[in-house]
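**Student:** Mind having a look at this structure? Questions to follow.
The values are calculated or read from the model by the stated rules, or taken from the named source; none is laboratory data. Since the structure is predicted, the reported quantities are computational estimates derived from the model, not experimental observations. Ideal geometry is used to build each Cβ from the backbone, glycine not excepted, and the neighbour counts take in all protein chains shown. Ligands, DNA and RNA are stripped out before the accessible areas are found, and what is left, the full protein with its side chains, is counted by its heavy atoms. Shrake-Rupley method; radii C 1.70, N 1.55, O 1.52, S 1.80 Å.
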Amino acid sequence: MGRNNYRWIIVTLLFTGTVINYLDRQVIGLLKPTLEVEFSWSETDFGTLMSAFSFAYAIGLLISGKFIDKVGTKVGYSVAVVVWSIAGMLHAAARSVTGFGIARAALGIGEAGNFPAAVKAVSEWFPRKERALATGIFNSGTAVGSVLALILVPVIMQSYGWQGVFIITGAMGFIWLAFWFVLYEIPSRQKRLTKEELLYIEGDKEDQSGTQVASKNSASWYKLFSLRQTWAVITGKLLIDPIFWFFGIWLPSYFSAAFNLNLKVISPELMTIYAATTIGSIAGGYFSSVLIKNGWPTLKARKGVLLFVAVLELILMIAIANFVTDKWVAVGLIAVAVAVHQAWATNVFTMASDMFPKEVVSSVVGIAGMSGAIGGILFPLLVGKILDVYKAGGNLTGGYNVIFTICGVTYLVAWVIIHLLTKKPTNIPTLAT
């Protein structure tokens, strides 16, 4: 890194934190075949565990967003990492659905702090024209964390059992925390930052899209909920987040059921899929940044990418549900689908930092993330019920195909709502409490 590129060191920290966040989150999905045999879980039991995580994640997002805006990014992110790392390790002590449910809930509360903190850090450290790319880079950590889980879980399990997997992966957050404490501070207080880079970071505070609301310090939830902008970001998370969670948690089980994939060894199929999300995350941020540099209004550029994603996802999901009979064809189509999803996630996150000042970004992301988690509470229950019905009929793969179709339609519905909510954004003089 050059003397005027310290902000990219910050992105590296955010990326690594997100990797660990998703590594800890993905472990239970990869251990599902082992745990459901050992503890006699049904698909509905597993869906209940996922809903416990989502319920806690929803509460955690609402609380953590406001908490991080109040105490600052450095302290807020640190607290989140400590909570989720301890919770991840506590899974090793669980012996029942209730025990795992408690551990999953604690994990959800802690992990909820990752994205509000990371998006806030990007709004603090990057000018608007670079935020989508920076967000795409750290958001790609979700993919790398998933791939890393595919590699580490089988290796650790062979030597230390499923309990060792939870303990070792959970402990990784504490290693990251040491680097975070040493390297992170807001730009105005960061002694390692050059004056030139500080001026560059703060050089485009004017709003390019005409949509950003004003703020002095912080905002009440009531005021944030009164804005169309807030509801646009909520929609992008509420309807779409559960789809990615479905891919993250049930995808190993889908390949096991549809193509007899052995999940006790490293899977090149799943690694290919999760690795593809890295490309989608960064490309989605890069694409909208290019549009802005070529004269597109900020919000129009974000929504343009979202529309492209929505149409492509509909085509892909219909193809997966109706035409896939070969394992590697399924891998290819799902890899593109999850990659394109990450382009969606990157631009929705960046919309929050575009439309709101940095003082309230974490609160908005927390509210929106809570909404996504609420969707995540309900969707796993629906998935579990659908799969149990089709499983009883001897056609588990058919159940997955129904779910893929539902997912494809949802992206386009979400885009239409976002577009309508942001055609005439609400402007008020101040959000300050």
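**Student:** Report whether or not Val155 is in contact with a Gly (Cβ under 8 Å, 6 or more places away or on another chain) and either more than 30 Å from Pro187 (Cβ to Cβ) or in contact (Cβ under 8 Å) with a residue 12 or more places away in the chain (or both).
**Tutor:** No: the conditions fail for Val155.
**Student:** While we're here: Thr278 versus (1) at pLDDT 80 or above; (2) surrounded by 17 or more Cβ atoms within 10 Å (Cβ to Cβ); (3) touching a helix residue (DSSP H, G or I) at 6+ places or on another chain (Cβ under 6 Å): which is the lone unmet condition?
**Tutor:** (1)
The rows are residues; the columns are (1) assigned to a helix (DSSP H, G or I); (2) touching a residue at least 60 places away in the same chain (Cβ under 8 Å); (3) within 25 Å of Val413 (Cα to Cα).
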residue	(1), (2), (3)
Asn262	no, no, no
Ala276	yes, yes, yes
Gly285	yes, yes, yes
Val290	yes, no, no
Leu299	yes, yes, yes
Lys303	yes, yes, yes
Phe308	yes, no, yes
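**Student:** Would you mind telling me which numbered condition in (1) within 17 Å of the chain's Cα centre (by Cα); (2) farther than 29 Å from Lys391 by Cα; (3) open to solvent by 10 Å² or more (accessible area, probe 1.4 Å) Leu238 fails?
**Tutor:** The one condition Leu238 does not meet is (2).
**Student:** Just to be sure I understand, how many residues within the range 53-73 are surrounded by 17 or more Cβ atoms within 10 Å (Cβ to Cβ) and of a type in the set (D, E, K, R)?
**Tutor:** 2
**Student:** Please go through the range 131-157 and give me each residue that is farther than 30 Å from Arg302 by Cα and open to solvent by less than 30 Å² (accessible area, probe 1.4 Å), ordered by number. Please lay out each step first, then the result.
**Tutor:** Initially, the range 131-157 is screened for residues farther than 30 Å from Arg302 by Cα, giving 149-157.
Once the filter is applied, which keeps residues that are farther than 30 Å from Arg302 by Cα and open to solvent by less than 30 Å² (accessible area, probe 1.4 Å), the range 131-157 yields Ala149, Leu150, Val153, Pro154, Ile156.
**Student:** Do we find that Ser371 is over 18 Å from Leu251 (Cβ atoms), at pLDDT 85 or above and under 19 Å from the mean Cα position of the chain (by Cα) in this structure? Step through it out loud before you land on a result.
**Tutor:** Numbers: over 18 Å from Leu251 (Cβ atoms): yes; at pLDDT 85 or above: yes; under 19 Å from the mean Cα position of the chain (by Cα): yes.
Taking the combined requirement at face value, the residue satisfies it.
**Student:** Might you let me know whether the range 359-367 holds any residue that is in contact with a helix residue (DSSP H, G or I) (Cβ under 8 Å, 6 or more places away or on another chain), more than 15 Å from Phe244 (Cα to Cα) and open to solvent by 10 Å² or more (accessible area, probe 1.4 Å)? So that I can check it myself, show each step before the final result.
**Tutor:** Taking the range 359-367 first, the residues in contact with a helix residue (DSSP H, G or I) (Cβ under 8 Å, 6 or more places away or on another chain) are 359-367.
Now narrow it down to the ones that are more than 15 Å from Phe244 (Cα to Cα): 359-367.
Then keep just the ones that are open to solvent by 10 Å² or more (accessible area, probe 1.4 Å); that gives 359.
Yes, some residue in the range 359-367 is in contact with a helix residue (DSSP H, G or I) (Cβ under 8 Å, 6 or more places away or on another chain), more than 15 Å from Phe244 (Cα to Cα) and open to solvent by 10 Å² or more (accessible area, probe 1.4 Å).
**Student:** In this structure, is Phe115 on the phi < 0 side of the Ramachandran plot, open to solvent by less than 10 Å² (accessible area, probe 1.4 Å), part of a helix (DSSP H, G or I) and among the aromatic types (Phe, Trp, Tyr)?
**Tutor:** Details: on the phi < 0 side of the Ramachandran plot: yes; open to solvent by less than 10 Å² (accessible area, probe 1.4 Å): no; part of a helix (DSSP H, G or I): yes; among the aromatic types (Phe, Trp, Tyr): yes.
So Phe115 fails the test.
**Student:** Just give me the residues in the range 410-423 being farther than 15 Å from Ile234 by Cβ and within 20 Å of the chain's Cα centre (by Cα), in sequence order.
**Tutor:** Narrowing the range 410-423 to residues farther than 15 Å from Ile234 by Cβ: 411-412, 423.
Correct list: Tyr411, Leu412.
**Student:** Run down Leu107, Leu148 and say which single residue is in contact with a Gly (Cβ under 8 Å, 6 or more places away or on another chain) and either in a helix (DSSP H, G or I) or on the phi < 0 side of the Ramachandran plot (or both).
**Tutor:** The unique qualifying residue is Leu107.
**Student:** Next question, about the same structure. Within the range 209-235, which residues are outside any helix (DSSP H, G or I), open to solvent by less than 40 Å² (accessible area, probe 1.4 Å) and at pLDDT 80 or above?
**Tutor:** Residue satisfying the conditions is Leu227 alone.
**Student:** When the residues of the range 1-29 are narrowed to those that are open to solvent by 10 Å² or more (accessible area, probe 1.4 Å) and at pLDDT below 85, which ends up nearest to Arg95 (Cα to Cα)?
**Tutor:** Filtering first and then ranking leaves Met1.
**Student:** I would also like to ask the following. Filter the range 32-52 down to residues that are of a type in the set (Phe, Trp, Tyr) and either open to solvent by less than 10 Å² (accessible area, probe 1.4 Å) or at pLDDT below 85 (or both), then give me how many there are.
**Tutor:** Taking the range 32-52 as the starting set, the residues that turn out to be of a type in the set (Phe, Trp, Tyr) are 39, 41, 46.
When the remaining residues are screened for being either open to solvent by less than 10 Å² (accessible area, probe 1.4 Å) or at pLDDT below 85 (or both), the result is 41, 46.
Selection size over the range 32-52: 2.
**Student:** Name the single residue, out of those in the range 374-411 being farther than 14 Å from Glu43 by Cβ and at pLDDT below 85, that is surrounded by the fewest Cβ atoms within 10 Å (Cβ to Cβ).
**Tutor:** Leu378
**Student:** While we're on this one: For the range 23-37, state whether one or more residues are in a helix (DSSP H, G or I) and either among the small types (Gly, Ala, Ser) or on the phi > 0 side of the Ramachandran plot (or both). Quick ask: steps written out before the conclusion?
**Tutor:** Step one: list which residues in the range 23-37 are in a helix (DSSP H, G or I), which gives 23-37.
Retained after the next criterion (residues that are either among the small types (Gly, Ala, Ser) or on the phi > 0 side of the Ramachandran plot (or both)): 29.
Within the range 23-37, one or more residues are in a helix (DSSP H, G or I) and either among the small types (Gly, Ala, Ser) or on the phi > 0 side of the Ramachandran plot (or both).
**Student:** Being part of a helix (DSSP H, G or I), over 30 Å from Gly399 (Cβ atoms) and free of Cβ contacts under 8 Å to residues at least 12 places away in the same chain is true for just one of Val83, Val75. Which residue is that?
**Tutor:** Values: Val83 fails: free of Cβ contacts under 8 Å to residues at least 12 places away in the same chain.
Testing whether each residue is part of a helix (DSSP H, G or I), over 30 Å from Gly399 (Cβ atoms) and free of Cβ contacts under 8 Å to residues at least 12 places away in the same chain leaves just Val75.
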